[in-house]
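Report on one structure; see the data block that follows.
Every number here is computed from the coordinates shown, using simple stated rules; none is lab data. The structure displayed is predicted, hence computed values, not measured ones. Because the Cβ atoms are built from the backbone with ideal geometry, glycine has one as well, and the counts that use them run over all protein chains shown.
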Amino acid sequence: MKTLDKETIEKGLKVLNTKDNGKLLTHLNSCVHCGLCAKSCIYYRAMPEARFIPATKVDLVASIYRRYATTTGKIFPALTGARKLDVKTAEEMVDLLFGACTLCGRCTMHCSIGVDISYVVRKGREMLSEMDMIPDTLQKTVDAALETGNNMGISDTDFTETLEWLEEDLQYEVNDENAKIPLDEKGKDLLYTLNPREPKFFPLSISAMAKVFWAAGESWTLSTKMYDVTNYAYYTGNLEEAAVITQRLYDEMENLDAKKCILAECGHGSRAFRWEGPNYIKKAYPFEVITSVELMLQYLRDGRIKVDPGKNTDRVTLHDPCNLVRSGGVLEQQREIMKMCTTDFVEMNPYGNDNLCCGGGGGQLAMSEYNERRMKIAELKAEQIKATGAKVVVTPCHNCVDQLSQINVVFKLGIQIKTVAEVLADAIVLDENI
Amino acid sequence: MEWYLIFALAAFFVCIAVLLFHLFRVISLGNPRDLSSSTGNPKAAMPYAFVGAMSPTKKESAFLYLPTYTAGIVYHIGTFSALALFFIIIFDINLPPALSLVLSGLFIISGLCGFGILIKRIIKSQMRELSNPDDYISNLIVSIFQWASAGVLLSETLLPVYFLVAGILFLYIPVGKLKHTIYFFAARYHLGFFFGRRNVWPPK
């Protein structure tokens with residue numbers, strides 16, 4: 001049987017010994033194993049087994065803490081279920097903390113005590129990262145970002161060529177040969193980021209946002225060097241790698257002398273850069289960071305863009321990305337945009353802060369070894385969508401778009417999946433903006 | 001002073017000392033140093049974390065499990081009332097007979113609620129998988145303490161038993177999960193801070 005050497009164990013335990021603040025100590029000591037979090041978890045709902053109860057995942061981490069950091073756990077480990085950090089425990093952690101949690105945070109909001117379960121799971125992932133036990137499939141995504149500058153390994157040539165033909169399409173669509181997708185231009189008001197899935201698989205969402213910028217008369221640019229809004233190291237729990245990725249975008253903001261950083265429609269990316277990023281690189285940003293959803297609503301409110309909801313008459317519903325909504329506070333903006341740009345907008349049930357994760361979060365889309373589980377939990381989202389009768393599902397997150405696209409095929413929903421920018425771009429009244 | 005009273009008081013002071021250690025430790029460690037720009041109002045989120053967010057209409061852990069949630073609330077009301085009774089007895093404050101009767105009724109019921117939760121933990125396989133010995137012991141001791149509180153209100157002859165049970169409870173609190181007496185408040189605080197900074201709580 002494999003064993004973990006002392007050094008590896010110490011590296012893992014070091015994560016639990018951080019004394020920077022009282023948050024970790026609090027959450028490791030708070031769970032009372034009431035089990036009432038069970039039905040808040042999509043994994044448990046889809047597969048009602050004890051191991052999928054969020055409290056079980058918390059306890060995996062907390063039991064190690066008890067074994068090594070509490071008097072009772074050291075003297076009478078059996079009394080409090082204190083566990084040694086050995087191969088068996090570590091493998092269980094990999095399976096449950098990586099393979100059975102999307103870090104959606106729904107359980108946190110509904111925990112009877114208030115344990116930040118998602119935070120404890122992330123700490124568990126940090127431990128595994130320190131112990132070099134991150135699933136290879138997930139780590140490869142981070143490696144691609146570190147090595148090539150974007151998590152899909154898109155070459156600069158492919159990227160610029162894609163943007164060139166998108167720019168031609170834009171000029172044709174808006175009938176303006178001066179319509180541009182600016183690249184690496186210094187001193188612009190906005191630096192816009194992308195999820196690499198956009199140039200790779202969903203280029204029309206770039207066109208849509210470019211059309212929005214054009215219609216608003218915005219001063220903006222993309223960067224060829226650092227356009228990737230994602231940060232999969234947020235998922236792996238490797239704080240050093242997360243800091244490297246964050247620092248690159250920070251540096252590019254300074255290099256291009258942009259005033260504001262606009263985060264593309266990407267749930268975890270917006271969270272990783274806006275909320276976690278300053279803590280990864282240990283400095284506050286000297287520039288403003290907002291999401292493109294917030295920016296689009298500003299345009300509409302300020303009258304910089306005119307829209308006709310009659311251009312989107314199919315029934316539309318919204319899927320709320322967990323990191324953007326439940327952990328990012330961007331909840332009403334996309335709804336206001338939908339109400340302005342569509343004629344038949346309906347909510348899912350539940351929605352907003354209570355919405356169910358699509359199943360693609362937490363790095364699940366990258367970890368193919370858990371595909372079967374991922375599609376099992378996806379059935380809940382499929383049922384939610386079906387119940388709305390919507391023909392179009394809009395979501396401000398490209399990872400969610402990817403998962404919803406797979407849900408669409410597997411559960412034969414026959415829906416269209418769009419980003420907020422795509423819906424807004426379709427609703428733009430061109431004549432009034434020229 | 002009787003031996004059982006000395007035992008209970010000594011246990012109480014040990015308990016308080018350990019809980020204060022936990023409290024001061026968690027306070028001294030402080031808030032996470034968050035360098036991101038807040039978009040919300042943590043001060044408004046704090047009261048919401050402790051009140052609004054705890055309401056059964058907001059919490060799935062409450063409205064999907066209403067019997068257990070209700071039993072839990074009654075159980076905790078009984079626990080805190082029984083702890084208050086401990087001081088009433090220590091300071092030899094006489095309660096009106098009617099109030100004693102009402103309180104003893106409350107403690108019998110709240111103790112039964114706690115016991116019911118314990119039974120649920122025992123008979124449901126998933127709860128057994130989730131539980132460790134401390135979960136059963138904590139639940140049982142607190143339930144017995146509530147019944148002992150009921151008993152002592154009905155008959156003073158039970159004073160030795162009452163103080164013995166109280167002493168055991170006080171000695172056990174710092175050992176296991178009953179420490180959540182302290183950490184519950186810290187957890188709600190941190191949650192309010194987190195969701196408040198990000199403009200998630202209080203809900204719009």
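A few comments on the model shown:
- Database remark: amide H of A:LYS418 closer than 5 angstrom to the amide H of A:VAL393, A:VAL394, A:THR395 (H placed geometrically; neighbours at sequence offset of 5 or more, or on other chains; Pro and chain starts carry no H).
- Mean projected area of the Cα convex hull of region A:147-300, taken over all directions, amounts to 8.5 nm².
- Proportion of all alpha-carbon pairs of region A:6-133 beyond 25 Å (%): 18
- Note on chain B: GNM, Cα springs under 10 Å; of B:GLY40, B:GLY111, B:GLY30, the largest mean-square fluctuation is that of B:GLY30.
- Its alpha carbons considered, region A:119-234 gives a radius of gyration followed by a Dmax of 17.2, 56 Å.
- For region A:306-433, the C-alpha radius of gyration sits at 1.05 times the compact-globule guess of 2.2 N^0.38 Å, with N the residue count.
- Between B:ASN41 and B:ASN199, the built amide H atoms are under 5 Å apart, and every one of these is 5 or more places off in sequence or on another chain.
- Cα Rg over Rh - chain A, Kirkwood: 0.99
- Scattering profile of region A:58-168 at q = 0.21 Å⁻¹ [log10 I(q)/I(0), Debye over alpha-carbon scatterers]: -1.12
- Of all complete DSSP H helices in chain B, those with a Cα span along the helix axis of 15 Å or greater and a mean Kyte-Doolittle hydropathy of 1.6 or more are B:3-29, B:66-90, B:97-123, B:159-172.
- On the basis of the beta-carbon distance and an R0 of 30 Å, B:ILE122 and B:LEU154 show a calculated FRET efficiency of 0.60.
- Residues considered: B:ILE88, B:ILE77, B:ILE141. Largest GNM mean-square fluctuation over chain B, using C-alpha springs under 10 Å, is found at B:ILE88.
- In degrees, nearest ten, helix A:203-216 long axis to first principal axis of chain A (Cα): 60
- Spin-label model, B:ILE73/A:GLU347: points 7 Å from Cα along the beta carbon direction are separated by 2.3 nm.
- Dipole of chain A computed with +1 at Lys/Arg Cβ and -1 at Asp/Glu Cβ about the Cα centre; of A:ILE417, A:PRO199, A:ASN349, farthest Cα towards the positive end is A:ASN349.
- For chain A, built as a Gaussian network whose Cα springs stay under 10 Å, the top-fluctuating residue of A:CYS34, A:CYS107, A:CYS358: A:CYS34
- Neighbour net charge for A:PRO396 - beta-carbon separation under 12 angstrom, K R +1, D E -1: -2
- Rounded to 10°, Cα long-axis angle of helix A:117-130 versus longest principal axis of chain A: 80
- Stretching the chain fully between A:THR148 and A:GLU177 yields a gain of 7.2 nm (0.36 nm per residue, less the alpha carbon separation).
- Region B:65-173 - Rg over Rh from alpha carbon coordinates, Kirkwood radius: 1.01
- P(r) tail, region A:156-215: Cα-Cα pairs separated by more than 19 Å, 25% of all pairs.
- Paired Rg and Dmax values of region B:1-92, which use every Cα atom, in angstrom: 19.4, 59
- Neighbourhood charge, 12 Å Cβ-Cβ cut-off, centred on A:THR317 and excluding it, Lys, Arg +1 and Asp, Glu -1: +2
- Rg then Dmax, both in Å and based on the Cα atoms of chain B: 19.5, 62.
- Rh by Kirkwood over Cα pairs, then Stokes-Einstein D for region A:1-64 at 0.890 mPa s and 25 °C, µm²/s: 180
- Partner lysines whose Cα lies under 21 Å from the Cα of B:LYS124, excluding those fewer than 8 positions away in the same chain, are identified as A:LYS39, A:LYS57, B:LYS177.
- Förster-model FRET efficiency, 56 Å R0, A:ASN17 and B:ALA98, C-beta, rounded to 0.05: 0.55
- Measuring gaps between exposed loop sites in chain A (chymotrypsin sites (Phe, Trp or Tyr not before Pro); DSSP loop; at most 16 other Cβ atoms within 10 Å), the longest gap, sites not included, is A:1-200.
- Region B:7-78: trypsin sites (Lys or Arg not before Pro) in DSSP loop, at most 13 other beta carbons within 10 Å: B:ARG33
- Cβ-based net charge around B:MET46, under 12 Å, with every Lys or Arg adding one and every Asp or Glu removing one: +3
- Tensor-based shape of region A:212-293 (alpha-carbon gyration tensor, a/c under 1.5 rounded, otherwise prolate or oblate): prolate
- Reduced Cα scattering model of region B:144-191, Debye log10 I(q)/I(0), q = 0.18, 0.24 Å⁻¹: -0.63, -0.80
- Measuring r between the beta carbons of A:LYS225 and B:THR57 and using R0 = 45 Å, the FRET efficiency lands at 0.35.
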